[in-house]
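As structure tokens, the structure follows; a few thoughts come after it.
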């Protein structure tokens with residue numbers, strides 16, 4: 001006992017308890033397993049975001065060589081310091097677990113998941129060998145490339161590679177931008193992308209465009225909305241669902257889905273009837289106006305349109321008056337984020353409405369924006385094999401027949417392969433795209449891929465398409481590579497944004513541009529001769545020789561002095577005028593029929609976009625999924641929105657389990673009652689239902705694309721489906 | 001029914017007349033034992049506390065490269081050539097490889113340590129995992145700029161004469177916290193002779209209290225004024241919004257200045 005007392009006294013007189021207490025308190029506050037980010041020099045590197053077509057300038061905050069935060073670039077003409085949630089989450093794509101860490105070969109057959117890492121040399125040798133073999137057999141046209149992007153040097157290099165190799169099959173993902181370009185081509189006779197002079201617009205009339213849900217350049221659209229809110233003007237949203245855009249608009253008008261063209265023509269009727277149109281434009285530069293006038297006067301009186309659209313006649317008249325009274329109005333269309341091409345008659349009708357109020361190439365209106373530069377490379381030389389291959393004709397039928405002005409028809413491409421139309425493909429490259437997820441009816445893509453003996457993915461991530469490939473040659477992610485972003489979003493000046501590496505490549509990946517150069521040179525003449533560059537960076541610098549200083553200095557180049565062609569010079573149609581009734585519209589403005597019989601499928605399923613979910617090639621980063629409300633995704637269950645009246649008829653209540661069936665597929669869902677949705681509809685969020693990637697994304701909800709098949713637009717030949725007939729039954 | 005006291009009284013009476021020593025003798029012996037064991041315990045625990053414990057607490061590690069500060073200071077002139085302030089005012093701390101690579105791209109002398117540095121780190125683009133004697137826990141905020149650039153302090157006050165060393169010292173790592181022994185100080189009891197002997201919060205406070213006192217000591221009414229201030233502060237909290245005159249440890253929110 002006394003020993004213990006002595007020991008206690010001695011211990012108390014020694015530093016042991018005091019020192020231990022101190023150390024333990026430090027230990028408990030600094031658990032050794034809590035990661036502490038290393039300190040270092042802080043710097044900012046500028047680049048351009050490529051995660052959506054918006055083209056925002058970004059600056060990446062770095063500690064030493066580690067990227068720690070992505071911010072918007074202040075003073076950038078598109079986003080001026082702003083950034084969206086996807087842009088902010090970009091670091092999770094850079095450091096995330098689903099990156100492909102080096103070239104990999106799938107040895108157990110596609111989808112087996114048995115990947116063997118291979119060296120770049122080995123991988124490139126294999127691909128070059130395969131390509132040489134196909135070419136030696138005299139069938140170069142049986143190589144195709146599917147690229148997510150259409151503009152910029154990478155798609156240009158891919159096209160160049162195929163041309164020199166001898167294949168016409170460069171297929172690119174299609175979006176609303178394609179439809180707008182076609183509309184400008186048919187109505188104004190120009191080859192240009194559509195830009196919006198949003199710095200001045202004072203009345204933005206949106207036919208279902210998700211102005212605040214990812215349409216155009218999202219951050220630029222947010223800024224525009226703020227300016228309108230601050231007193232510059234109004235935003236009117238026409239949409240069957242109370243989306244974020246509708247909720248924040250000055251006026252939301254619920255409209256039957258698919259009847260937007262009719263409403264635009266109804267507004268035109270009122271404007272023409274009340275002579276509220278811009279007389280100077282219509283009289284001097286309006287081609288086919290009399291026929292147009294006759295059409296809208298006879299078929300689109302407000303009462304008729306009210307019946308078609310569900311918008312009452314009085315509202316139509318008031319809206320038409322408001323729109324035409326605005327000094328700088330603009331009307332836009334393309335549902336949600338505009339990542340599907342949509343119906344041409346809708347784009348034509350809405351653009352004709354713009355023309356009526358003179359909002360074409362005018363302040364605040366829609367501008368025709370030409371390509372910023374023409375690449376200075378001479379046409380690649382083709383040998384006999386290549387020339388013969390190029391004669392074979394495209395598998396997707398784009399640029400031919402009715403679709404001469406359409407550059408690519410991705411849906412038709414996969415359908416043709418699936419159905420064995422044309423000639424069989426021997427090899428497919430997939431670049432910056434995930435068609436096995438993001439195309440409508442991905443089963444068609446899967447079936448098509450099954451018919452192609454050799455599929456090479458260049459994806460940076462182990463996505464659905466990469467899992468379905470034989471070989472992955474991983475591209476750097478955007479923060480590690482050079483690239484160009486050309487005429488992004490609906491920007492209204494010729495513009496190039498430079499994507500620059502801000503961090504060293506994290507893994508054994510290579511820029512797809514460099515890989516193409518190496519492959520071409522590996523194939524020898526004449527393919528190699530078309531690629532005289534040492535590296536992709538070389539090629540990029542040569543492509544933008546004059547702009548290079550601005551690009552590397554400011555991160556972007558813009559034609560500051562650009563003004564759109566004045567009306568007398570603007571129209572290069574045969575008549576030299578703006579065509580109110582463009583060629584190819586023989587089918588008229590009848591709403592496009594969607595898939596499914598109304599008897600069997602009494603409801604209409606409409607997909608919707610949100611800023612919180614990325615829907616395309618880029619899978620949703622975990623940060624974003626965290627922000628999705630539990631009325632959209634609860635655990636792994638996806639909730640579909642149904643009007644309480646419709647739900648009551650179907651015997652469904654909040655949270656009910658249900659099966660959503662369309663002619664294509666059926667999926668399990670839960671029901672969320674939402675009064676903001678028109679009765680008779682079911683609204684489903686896009687961007688869920690991944691089967692690849694990681695646990696943060698895979699298995700969450702269902703992919704709405706599985707339920708919707710493409711519907712071919714008769715004018716563009718592109719997908720115009722805005723929904724599908726469906727039924728919802730209690731599970 | 002007997003009480004406990006009654007039983008206790010009974011015990012000696014039962015033992016009396018036995019073979020055991022007489023009570024005073026027994027008591028003396030027992031006291032000796034008690035004292036003996038007390039001292040055994042005391043001395044043993046003092047030995048454990050003062051000698052064995054400090055030895056057990058720290059593991060000894062060698063720096064990956066034996067760095068010669070004196071040589072580098074001779075060549076470059078001062079500390080700030082390598083330990084500099086960045087343009088944004090942050091302090092660079094221990095140089096990274098990019099700071100060394102300018103001179104050490106190739107082996108310059110015949111020191112095997114330099115050769116090791118060049119071949120194993122520079123050529124391999126690998127950062128040297130230096131063991132930092134002055135590394136503080138992550139929650140401690142310390143601004144070199146405030147002390148050196150604004151306060152005009154020199155490096156020696158906190159870091160000692162490290163610039164004169166020709167070899168790196170053994171790094172003693174606290175097995176519990178993982179930080180260097182230099183933070184608590186070599187002296188286990190926590191006493192220090194020089195300002196650079198320790199780097200605990202009290203050592204920060206020593207200096208800050210001195211600074212506070214020296215700021216007010218020339219004022220004749222200072223002690224009285226301070227007393228009145230303190231009375232007001234205690235009696236009517238919130239009177240002084242910013243607690244002007246408080247030390248770095250007593251100001252409102254003072255803890256969170258360093259413990260972020």
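The values are calculated or read from the model by the stated rules, or taken from the named source; none is laboratory data. Predicted model only: the values in this text are computed from it and were never measured. Heads up, the Cβs are rebuilt from the backbone with ideal geometry, glycines too, and the neighbour counts pull from every protein chain shown.
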- Task: Those residues that are under 28 Å from the mean Cα position of the chain (by Cα) and over 20 Å from residue A:145 (Cβ atoms), I need them from the range A:500-533; list them, please.
- Result: A:500, A:501, A:502, A:503, A:504, A:505, A:506, A:507, A:508
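Conditions (1) touching a residue at least 60 places away in the same chain (Cβ under 8 Å); (2) touching a strand residue (DSSP E or B) at 6+ places or on another chain (Cβ under 8 Å); (3) closer than 18 Å to residue A:51 by Cβ, marked per residue:
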| residue | (1), (2), (3) |
| --- | --- |
| A:77 | yes, yes, no |
| A:99 | yes, yes, yes |
| A:102 | yes, yes, no |
| A:111 | yes, no, no |
- Answer yes or no: is there a residue in the range A:322-330 that is part of a helix (DSSP H, G or I) and out of contact with any helix residue (DSSP H, G or I) (no Cβ under 9 Å at 6 or more places or on another chain). yes
- Task: State all residues of the range A:159-175 that are part of a helix (DSSP H, G or I), in contact with a helix residue (DSSP H, G or I) (Cβ under 8 Å, 6 or more places away or on another chain) and buried (at least 23 other Cβ atoms within 10 Å of the Cβ); if no residue qualifies, say none.
- Result: A:161, A:164, A:165
- Only one of (1) out of contact with any strand residue (DSSP E or B) (no Cβ under 9 Å at 6 or more places or on another chain); (2) within 12 Å of chain B (Cβ to nearest Cβ); (3) touching a residue at least 12 places away in the same chain (Cβ under 8 Å) does not apply to residue A:51, and that is (2)
- Taking residue A:466, is it surrounded by 21 or more Cβ atoms within 10 Å (Cβ to Cβ), at pLDDT 95 or above and in the same structural domain as residue A:415 (by TED's automatic domain parsing)? yes
- Message: Report every pair of residues separated by at least 6 positions or lying on different chains whose Cβ atoms are under 6 Å apart, first residue within the range B:80-93 and more than 11 Å from chain A (Cβ to nearest Cβ), second assigned to a loop (DSSP other than H, G, I, E, B).
- Response: B:82/B:95
- If we keep just the residues of the range B:103-131 that are within 14 Å of chain A (Cβ to nearest Cβ) and loosely packed, with under 13 Cβ neighbours inside 10 Å, which is nearest to residue B:201 (Cα to Cα)? B:129
- Does residue B:36 count as modelled with pLDDT of 50 or more, touching a helix residue (DSSP H, G or I) at 6+ places or on another chain (Cβ under 6 Å) and within 14 Å of chain A (Cβ to nearest Cβ)? no
- Message: Whether any residue in the range A:532-546 is part of a loop (DSSP other than H, G, I, E, B), touching a residue at least 12 places away in the same chain (Cβ under 8 Å) and in contact with a strand residue (DSSP E or B) (Cβ under 6 Å, 6 or more places away or on another chain) is what I want to check.
- Response: no
- Item | Test result for residue A:312, surrounded by fewer than 24 Cβ atoms within 10 Å (Cβ to Cβ), touching a helix residue (DSSP H, G or I) at 6+ places or on another chain (Cβ under 8 Å) and free of Cβ contacts under 8 Å to residues at least 12 places away in the same chain | yes
- Determine whether the range B:214-222 contains at least one residue that is away from chain A (no Cβ under 14 Å), modelled with pLDDT under 90, surrounded by 12 or more Cβ atoms within 10 Å (Cβ to Cβ) and part of a helix (DSSP H, G or I). yes
- For the range A:31-42, pairs from a residue that is within 8 Å of another protein chain (Cβ to nearest Cβ) to a residue that is surrounded by 10 or more Cβ atoms within 10 Å (Cβ to Cβ) and part of a loop (DSSP other than H, G, I, E, B), with Cβ under 7 Å and 6 or more apart or across chains, are A:32/B:178; A:36/B:138; A:39/B:93; A:40/A:64; A:41/A:64; A:41/B:86; A:41/B:92; A:42/B:90
- Considering A:6, A:46, which residue is facing another protein chain (nearest Cβ under 10 Å), surrounded by 18 or more Cβ atoms within 10 Å (Cβ to Cβ) and more than 18 Å from residue B:58 (Cα to Cα)? A:6
- Query: Which one of these does residue B:129 not meet: (1) touching a residue at least 60 places away in the same chain (Cβ under 8 Å); (2) assigned by TED's automatic domain parsing to the domain that holds residue B:207; (3) not in a loop (DSSP other than H, G, I, E, B)?
  - Reply: (3)
- Item | Scan of the range B:137-179 for residues that are in a loop (DSSP other than H, G, I, E, B), surrounded by 17 or more Cβ atoms within 10 Å (Cβ to Cβ) and either in contact with a helix residue (DSSP H, G or I) (Cβ under 8 Å, 6 or more places away or on another chain) or modelled with pLDDT under 90 (or both), ordered by number | B:155, B:176, B:177, B:179
- By residue number, the members of the range B:58-75 that are buried (at least 17 other Cβ atoms within 10 Å of the Cβ), more than 13 Å from chain A (Cβ to nearest Cβ) and touching a strand residue (DSSP E or B) at 6+ places or on another chain (Cβ under 9 Å) are B:63
- Query: Do you know which residues across the range A:9-30 are facing chain B (nearest Cβ under 7 Å) and more than 60 Å from the chain's Cα centre (by Cα)?
  - Reply: A:9, A:10, A:11, A:13, A:14, A:15, A:16, A:19
- Message: If a residue counts only when it is crowded, with 24+ Cβ neighbours inside 10 Å, which strands (runs of 3 or more DSSP E) contained entirely in the range A:614-727 have at least 2 such residues?
- Response: A:637-642, A:657-662, A:681-685
- Message: Among the residues in the range A:68-81, are any facing chain B (nearest Cβ under 9 Å) and surrounded by fewer than 16 Cβ atoms within 10 Å (Cβ to Cβ)?
- Response: no
- Unmet criterion (only one of (1) in contact (Cβ under 8 Å) with a residue 40 or more places away in the chain; (2) away from chain B (no Cβ under 14 Å)) for residue A:62: (2)
- Message: If I filter the range A:137-154 for residues that are farther than 28 Å from residue A:495 by Cα and surrounded by fewer than 17 Cβ atoms within 10 Å (Cβ to Cβ), do I get at least one hit?
- Response: yes
- Task: Would you be able to say whether some residue in the range A:238-246 is in contact with a helix residue (DSSP H, G or I) (Cβ under 6 Å, 6 or more places away or on another chain), more than 24 Å from residue A:368 (Cα to Cα) and modelled with pLDDT of 95 or more?
- Result: yes
- Residues of the range B:43-57 being more than 7 Å from chain A (Cβ to nearest Cβ) and farther than 15 Å from residue A:20 by Cα, which ones? B:47
- Query: Of all the helices (runs of 4 or more DSSP H) wholly in the range B:41-104, which have at least 2 residues that are over 26 Å from the mean Cα position of the chain (by Cα) and in the same structural domain as residue B:146 (by TED's automatic domain parsing)?
  - Reply: B:69-76, B:97-100
